[in-house]
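These notes concern the structure reproduced below.
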Amino acid sequence: MNKEELESQIQLKIWVYNFFAVSLLKMPSKEIIDNFLDYKKIQQFEKVQLKEVELLIKQLRKLKSYKNEEWIKIQEEYSSLFEGTRGFNIPLWESVYKGSENILLDENTLKVQQYYKKWGIGVIRDIKQPCDHIGLEFSFMAWLNKFMLKSLIRDNINDFKKYVKGQLEFLNNHIVTFLSSFCEILRKKSTHEFYKEISYLVLDYVNQEMDSLLKLKEIKIFNDNDVNIQLHEDDEKQIGLYKLSEDEIKQEEKMEVISTSGRNNCGGRCIIKAHVKGGNIIKLTTDTEEESAAGPQIRACVRGRGYRKTFLSPDRLKYPMKRVGERGEGIFKRISWQEAVDTIASEIRRIKKEYGPESRYINYSTGVSAVLRGDRLSRRLLALDGGYLGYYNDYSSACIKYTTPYTYGTIYAGNSTKDLVNSKLIILWGHNPAETIFDPLMGYYLKKAKEAGAKIIVVDPRYSDTAAGFSDQWIGLKPTTDSALMDAMAYVILSENLQNQEFIDKYCLGFDKDHMPEGVDKGENYYSYVFGERDGIPKTPEWAEKITGVNQKTIYKFAREYATTKPSAIVQGYGPQRNSNGEQTIRSSTMLACLTGNVGIKGGSAAGATYIKQHEEPKLDVLDNPYKAKIPTFLWTDAILRGTEMTSKNDGVQGVDKLKSNIKMIINLAGNTLINQHSDINRTIEILKDTSKCEFIVCSDLFMTPSAKFADILLPGTSVFEGVNITTPWSQGDYIMYNNQAIEPLFDGRFEYDWLKEVAEKIGLKEKFTEGHETVEEWAKGIYEETRKNEPELPPFDEFTKRGVYKYKPRDSYIAFKEQIEDFDNNPFPTPSGKIEIFSKRLYDLNNPKEIPSIPKYIDAFEGINDPKREIFPLQMIGWHTKRRCHSIHDNNDWMEEIEPHKMWINPSDAEARNIKEDDLVEVWNDRGIIQIKAHITRRIVKGVIAVAQGAWYRANKEGIDIRGNINTLTISKPTPLAKGNPQHSNLVQVRLI
Ligand code: SF4
C-alpha cells in the first residue's frame, strides 16, 4: 500500500465512523444521507473493495431513493428505537452493557470520559448524552483517524503509531466490549431494514477494523523524522465532541461527596451521599456520622441504596413528546420544549375560556415529595390565572385525617416517636414501619423501647416484617374487622372495670347516658352500644371471634394486658383505615385510648392520626385559589364523568354546594395516581381514553409509567440527583434536609419549575408566578430564610446547603393533648364541646347511622366479610406497602425485584383448596378485572385472605389481563362513607391456578 492509498483508507474510516456516529446520535434525514453520498471521495471508496463499505454505500443509495412516506417510517423507527416514543428504547451507552448494574453515568462512563481526556477531547454539554453513547464513541474513533491522517501527511511515524494504538485500545477496551450485544438488540427490535442492516454492517466493519489496525501497526512507509504534532491543532469539528482547553486537560477529577436526600413519598427523608467524579455517580452512601446528641443516624433504607439503579436508568424519559396515538396507547412523537410550552399555555387558555377555570385540575402526585414540586407550583400558577378545582384528603390517610378531628378536634394527636421509649406496651395496629417508613427513626426507637422492657404486639392480617422483627406477639385478624376487635376489647375492659373512669368522666362526651349532650337520643351512647342495650348484641370476645377470626381467649388477654399495662401506646398504620369502614377503625382506636386514660401522657398514645407539632415546616406559598371548590381526592374520576352533578351533600364537595364544571384538563406532574395508584384501573382507563371527557392531560415524569402513557403532552423530569430542593420527613420534623445537585439533568429533562415559568410567561403571569426567582435554588433560599425566622437555631442558608442536613437540637417530646390533660379548665379540646367527643353531634346530625354512626362502632364493610358477593368471590384481598417500592416508585428497579419478588401471599389452606403450589402463576379476579401473579404460600397471612403489595406497574396483555399484577386492577372505586376516602384494602376476589 502506498501513502496515497493509505490516506484514502483513513479518509474512508473517518467517513464510515462519522456515518455510524450520526446514524446513532441524530434522527436520520434525506439531507444527512445526501451529504454522505456527496462526499468528495466517495468514488474512491467504492474502489476499495471492502464488502462492508460496498454494502453501506448501496444502503445509502437505496435510502436516497426513498419517498417521503418511507422517510417518515425511518424517522419513526429512530424515535421509537432510541428516543423512547413507544416506551421502549435500546440502550446506547457502554455503561449499561458493562458490569452488572446496567445504569448510566457509572465508573464505566468515567473510564470512557478519561480515555477521551487522554487525547484532549471532551463531550459538548449541549449534546445532553453521557459520553459513552455509542454514537459519541464512533465520533471519537473518527477523530482519532483524523489525527492519524495528519501524522501520515506529516510523515510522523511515532504519532501515526500512537493513533493506531489508541484506536486499537479504544476498540478493544470499549466499543468491542458491548457492540455485539447492542447490535443483537437492534436487530431484534428494529422493524425497518435500514437499522437491521446497520446492525450487521457496524459489527462487521468494526471486526475488520481490528485486523486492519493490526496491519497498520506494522506499517513501514514513513521516514523516521519525528515531526512534533500537537493534537489540538486540528480545527475540524466532530459531532458531539470538542477539544478540551489546556486548563480542562490539567484539571484533576476529584471525587466529590455531595449530600442530597430521598424525596419519595415515604415518611422518611434520608441522607443520601452521592460520590461524584467527572459528573458520574460512582457510588452512594448514607449517613456516616456517629450517633450524637442531635439524634441517631438518618440512614437510607434498601430503596435508597438502590437509587442509582432506579434513577440512572437507561429507560428514563428523554425528550418532550406529544401524543400521536390513541390516548393511553403510549405512542408519542418527540417535540421541542418550545412546542410543549406553547401547547400547554394554549390549552390552559382554551379550557379556561370554554369551560371556566373550575374545569382545570391538578392531580394528586407525590413523586417529588419535596418543598418545591410540580403540583404545588402548578397550583400557584393556576391560582394566578383564575383558579382551579382543588382537592382535599390524600390516598394515604383520608380516613385517619378526616375522622380523628371528630374525636379530638385536630389531627395533631401523636406523640413524638422518641416517646415510645417511655411505653410499657406498644401496639402496632396495622403498622409496618420495618417496611413502610413513616419516620426513618421509628425502628431505632422501637428497638430502644424494647431494650427498656416494652412489649410489642402487632395486629395485622399479615405476619409482617415488623411482626417478625420487633414483636412479642402477632394477632392476625381479618381485614375490615379491626373495630370489632377493638369494641370487644372495650367490652372486656368495661365489664371487668379496668377503665379509667376518672379520665372518662372528666374529659369525654358520650360515654354513657349520663354524659350525653342535650338534644340527642341519649340511648346512642357508647356504653349502651358495647353492652348491646339496643341491638341486643353485647360486643363480647365471642361475638368478635366470629367476625375477626381472632380467638376469644386471645382477645380477653389482649384487652386485659392493654388496660393494665401503663402507659400503653396504640400506634396505627394507615392500612386499616384504607378499608371501606376505615373511619370506624380510627374512632374505635381512639376510644380504647380514652377508656384507659392513655391520652396526653408520656409513653401513651391518643391513637388516631399521629401528626405532631414540633417545628415550622418550610413551605412554598401556593396562593389562594379564587375558586373555592374542593373534591375528595379519591373522586377525581367522578368529577370527570359527572362533576356538575357532584354536591356537598352526596359527594363531600367542599367550598361550594355544587361543582360548576366537569374536569376538562389535568396537570399530573410526577404522579402515578392517574392510572396506577387509583382504584379500579379498567374503569379509569375507560374514562381517560375518551378525549371528549377530559380534553387535555399534561404529565411530567421520569419514566413511561402507566399514567404517563395517558398524557397528551409528556415531559421528561429530573431525578433527586439532578436538581436542588428542600425536604422534611412526614410528621416529625426533627430535621430538615437540602438536596444538593449531584449531576446535570439527564438528556433533555427539566425540573417542572423551569418550564412552568415559561408557560407563565406565555400567559402573561411570569412576574407574579416567579416573584423574581429565576431558579429553584433562589426559591429554596427564600423559603428557608422564611422558615428560619421561626426556627432561629437553623444555620445560615450557605452553611445548611453545605451540610445538607440540619438536625434540630433535641427538644422535649411532643405529647398530644398534654395541656388539656394537665390543665383542662384552661385548655379545652378543640372540638365543638371542648371535650373528647366519643359521641359526635356533628356525625349524629348527618342522620346516616347505618354508615356513619355518631359513636365508634363496628360497621359491616362493603366488600368485607359479610358482603353477599363473597359467594362468588370468597377471598378478601389486601395490599401492603412493600420495602421494595415507595408507592409505585422503584417497581422498575431489578435489584428490588431480587429483594422482594412481586408475589401474592396466600395461606397454605387456601392454596391447597385451589391446588396452588409455591411460585405457580395464578389469576386473581373479580368483577373489575383480572391480574396474573405468582403465588407465595405462607402461614404469614391469615386464612381466607390474600395480599398483593401495592405499586406494581399495571401492564395489560391483549385480553386486558394485567400481567404485572397491580392490585388496583381489582380494587373498588366506591369511596368510604364519611371521609370519601379510598378503601383499597376492601376487596373480594377469587383465585385460580392457570
Ligand atoms: S425511600 Fe424513603 S426511607 Fe428509603 S431511603 Fe428514600 S427517603 Fe429514606
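Go through region 352-407 and give me each residue that's open to solvent by 10 Å² or more (accessible area, probe 1.4 Å) and among the charged types (D, E, K, R).
Within region 352-407, 352, 353, 354, 358, 373, 376, 379, 385, 394, 401 qualify.
If you take the residues of region 10-67 that are open to solvent by 30 Å² or more (accessible area, probe 1.4 Å) and aromatic (Phe, Trp, Tyr), which of them is modelled with the highest pLDDT?
Ranking the candidates gives 66 first.
Tally time: how many residues in region 880-901 are over 17 Å from the mean Cα position of the chain (by Cα) and more than 16 Å from the ligand (Cβ to nearest atom)?
Going through region 880-901 one residue at a time, the tally reaches 2.
Out of the residues in region 165-202 that are of a type in the set (Ser, Thr, Tyr) and part of a loop (DSSP other than H, G, I, E, B), which is most open to solvent (accessible area, probe 1.4 Å)? Let's see the steps before the verdict.
Of all residues in region 165-202, those of a type in the set (Ser, Thr, Tyr) come to 177, 180-181, 190-191, 195, 199-200.
Now narrow it down to the ones that are part of a loop (DSSP other than H, G, I, E, B): 190-191.
Details: 190: 3, 191: 117 Å².
It comes out as 191.
Open to solvent by less than 50 Å² (accessible area, probe 1.4 Å) and away from the ligand (no atom under 16 Å from the Cβ): is that true of residue 904 in this structure? Lay out the reasoning, then the answer.
Numbers: open to solvent by less than 50 Å² (accessible area, probe 1.4 Å): yes; away from the ligand (no atom under 16 Å from the Cβ): yes.
Yes; evaluated as a whole, the condition is true for this residue.
If residue 895 meets every condition in (1) open to solvent by 50 Å² or more (accessible area, probe 1.4 Å); (2) farther than 24 Å from residue 310 by Cβ; (3) of a type outside the set (Asp, Glu) apart from one, which number is that one?
(2)
From the residues in region 435-471 that are open to solvent by less than 20 Å² (accessible area, probe 1.4 Å) and in a strand (DSSP E or B), which one is farthest from residue 878 (Cα to Cα)?
456
Can you name the residue in region 275-292 that is within 13 Å of the ligand (Cβ to nearest atom) and either of a type in the set (S, T, N, Q) or part of a strand (DSSP E or B) (or both) and, of all such residues, is least open to solvent (accessible area, probe 1.4 Å)? Don't jump to the end; show me each part of the working.
Going residue by residue through region 275-292, those that are within 13 Å of the ligand (Cβ to nearest atom) are 284-287.
Applying the additional criterion that residues be either of a type in the set (S, T, N, Q) or part of a strand (DSSP E or B) (or both) yields 284-286.
Numbers: 284: 36, 285: 40, 286: 9 Å².
Among residues in region 275-292 that are within 13 Å of the ligand (Cβ to nearest atom) and either of a type in the set (S, T, N, Q) or part of a strand (DSSP E or B) (or both), the one least open to solvent (accessible area, probe 1.4 Å) is 286.
Can you tell me which condition residue 340 does not meet? The list is (1) open to solvent by less than 20 Å² (accessible area, probe 1.4 Å); (2) more than 15 Å from the ligand (Cβ to nearest atom); (3) in a loop (DSSP other than H, G, I, E, B), and all the others hold.
Residue 340 satisfies every listed condition except (3).
Looking at residue 346, is it more than 30 Å from residue 132 (Cβ to Cβ) and either open to solvent by 30 Å² or more (accessible area, probe 1.4 Å) or within 16 Å of the ligand (Cβ to nearest atom) (or both)?
Values: more than 30 Å from residue 132 (Cβ to Cβ): yes; either open to solvent by 30 Å² or more (accessible area, probe 1.4 Å) or within 16 Å of the ligand (Cβ to nearest atom) (or both): yes.
Considered against the rule, which asks whether it is more than 30 Å from residue 132 (Cβ to Cβ) and either open to solvent by 30 Å² or more (accessible area, probe 1.4 Å) or within 16 Å of the ligand (Cβ to nearest atom) (or both), residue 346 comes out as yes.
Mind checking which helices (runs of 4 or more DSSP H) fall wholly inside region 1-120 and carry at least 2 residues that are hydroxyl-bearing (Ser, Thr, Tyr)? Can you show your working first?
Numbers: elements: 3-25, 30-37, 42-47, 51-65, 68-78, 94-97, 107-118.
Correct list: 3-25, 94-97, 107-118.
In region 394-438, what residues are polar (S, T, N, Q) and within 16 Å of the ligand (Cβ to nearest atom)? Working first, answer last.
Of the residues in region 394-438, the ones polar (S, T, N, Q) are 396-397, 403-404, 407, 410, 415-417, 422-423, 432, 436.
Within region 394-438, 396, 417, 432, 436 meet the criteria.
Which residue, of 320, 314, is within 30 Å of residue 103 (Cβ to Cβ), under 19 Å from the mean Cα position of the chain (by Cα) and at pLDDT 95 or above? Give the steps one after another, and end with the answer.
Working: 320 fails: under 19 Å from the mean Cα position of the chain (by Cα).
Just one listed residue meets the conditions, 314.
Give all pairs with beta carbons closer than 7 Å in which a residue from region 406-420 that is under 13 Å from residue 454 (Cβ atoms) meets a residue that is among the β-branched types (Val, Ile, Thr) and open to solvent by less than 30 Å² (accessible area, probe 1.4 Å); count only pairs at least 6 apart in sequence or on separate chains.
Short answer, once both residue conditions are applied: 419/815; 420/426.
Can residue 322 be described as over 30 Å from residue 696 (Cα atoms) and either part of a strand (DSSP E or B) or within 12 Å of the ligand (Cβ to nearest atom) (or both)?
On the way: over 30 Å from residue 696 (Cα atoms): no; either part of a strand (DSSP E or B) or within 12 Å of the ligand (Cβ to nearest atom) (or both): yes.
In short, no.
Hey, any hits in region 305-319 for a residue that's away from the ligand (no atom under 16 Å from the Cβ), open to solvent by less than 40 Å² (accessible area, probe 1.4 Å), of a type in the set (Ser, Thr, Tyr) and in contact with a helix residue (DSSP H, G or I) (Cβ under 8 Å, 6 or more places away or on another chain)?
yes
Taking helices (runs of 4 or more DSSP H) that fall entirely within region 489-562, which contain at least 2 residues that are without any contact (Cβ under 8 Å) to a residue 40 or more places away in the chain and farther than 19 Å from residue 587 by Cβ?
Those helices (runs of 4 or more DSSP H) span 501-507, 541-548.
The values are calculated or read from the model by the stated rules, or taken from the named source; none is laboratory data. Remember, it's a predicted structure, so these values are computed and weren't measured experimentally. All Cβ positions, glycine included, derive from the backbone under ideal geometry; neighbour counts span all protein chains shown. SASA here: full protein model, heavy atoms, side chains in, ligands and nucleic acids out. Shrake-Rupley method; radii C 1.70, N 1.55, O 1.52, S 1.80 Å.
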